[in-house]
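Working notes for the structure below.
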Amino acid sequence: MIFPSATRDVPEVPSVPRHVAIIMDGNGRWAKKRFLPRVAGHKRGVETVRAMVKACIERGVAYLTLFAFSSENWRRPKDEVSFLMGLFVSALEAEIGKLHANGVCLRVVGDLSAFEPRLVDLIRRGEALTADNKRLTLTIAANYGGRWDILQAVNRLCKAEPEKAGNYQECDLEAHLAMAYAPEPDLFIRTGGEERISNFLLWQLAYAEFYFTPILWPDFDVAALDAAIDSYRKRERRFGRTSEQLNTPASVANDR
Ligand code: IPE
Ligand code: IPE
Ligand code: MG
């Protein structure tokens, strides 16, 4: 499927974001505030994931993308990294059947070569089981980095179409990005108070609306999601044009 690109087309602006991408941040601080080990925050964060999947289905969001583990998160203490890997396995084991029953298509993006074979196998089986589901596409970004994504796409493109070297277009590269199956995010949310992108979807967020909230991920709830969507609805998405152009007939506004 070919999706509109925010730089080559002027995409439609849906009132419910079609694609929501979230950096789930603040688990460690949530736990620390309660004098619990950091990993207790990660565990509690899985419950927020469950609630967000349900809420996005109910609101008609078609794509939900969650940053679960960045290519830089290997720098964390060994114990925390192995807890996160174990949590990924147990969450997949516990949730995949329910996701399937609810019509969710699961995708995992990132460099899976660093993961244990058991985890990779679970991921692949989950993706295969849910491949035809259409209600919501849930993407988990794991060992993902925006730079990794662009670079792997460049490498694949060079191999696939060496004869076009020097003349590649944006759409040529996009076909090889890890999330080529999804439209670009309309709404980007980061919980936990930091206002940075931390190497998430660098290419795909070119024209997303950004929403930052101090709420820690385990505390993020349906009301918080609705507040983010409300904020998104109030934005004027101009894609390079002027405000006046948006308020004139489409035939005139699109004439550049
Ligand atoms: C996000 O929460 C989860 C992962 C990065 C895996 P953090 O663990 O970064 O929580 P804080 O930012 O330390 O509070
Ligand atoms: C970003 O959170 C990655 C994920 C949520 C998976 P971090 O907590 O790792 O980001 P930084 O290090 O504060 O930028
Ligand atoms: Mg963090």
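Nothing in this text is a laboratory measurement; each read-out follows from the coordinates by a stated rule. Note that this is a predicted model, so its numbers are computed, not measured. Using ideal geometry, Cβ is built from the backbone for each residue, glycine included, and neighbour counts are taken over all protein chains shown.
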Checklist outcome for this item: In the range 109-144, residues that are closer than 18 Å to residue 84 by Cα and not in a strand (DSSP E or B) total 14
Checklist entry - Looking at the range 193-214, is at least one residue surrounded by 19 or more Cβ atoms within 10 Å (Cβ to Cβ), hydrophobic (A, V, I, L, M, F, W, C), within 16 Å of ligand 3 (Cβ to nearest atom) and farther than 19 Å from residue 111 by Cβ? => result no
Next on the checklist: Can you find, within the range 55-85, the residue that is nearest to residue 184 (Cα to Cα) among those that are more than 12 Å from ligand 2 (Cβ to nearest atom) and loosely packed, with under 14 Cβ neighbours inside 10 Å?
Outcome noted: 60
Checklist entry - Does residue 211 count as more than 13 Å from the chain's Cα centre (by Cα), in contact (Cβ under 8 Å) with a residue 24 or more places away in the chain and assigned to a loop (DSSP other than H, G, I, E, B)? => result no
Checklist entry - If we keep just the residues of the range 110-126 that are touching a strand residue (DSSP E or B) at 6+ places or on another chain (Cβ under 6 Å) and surrounded by fewer than 21 Cβ atoms within 10 Å (Cβ to Cβ), which is nearest to residue 64 (Cα to Cα)? => result 111
Checklist entry - Has the range 29-45 got any residue that is of a type outside the set (S, T, N, Q), under 17 Å from residue 201 (Cβ atoms) and surrounded by 17 or more Cβ atoms within 10 Å (Cβ to Cβ)? => result no
Checklist entry - Just a yes or no: is a residue in the range 15-23 surrounded by fewer than 15 Cβ atoms within 10 Å (Cβ to Cβ) and more than 16 Å from ligand 2 (Cβ to nearest atom)? => result yes
Item to check | Among the candidates 226, 221, 230, residue that is closer than 30 Å to residue 132 by Cα, out of contact with any Gly (no Cβ under 6 Å at 6 or more places or on another chain) and loosely packed, with under 13 Cβ neighbours inside 10 Å | outcome: 226
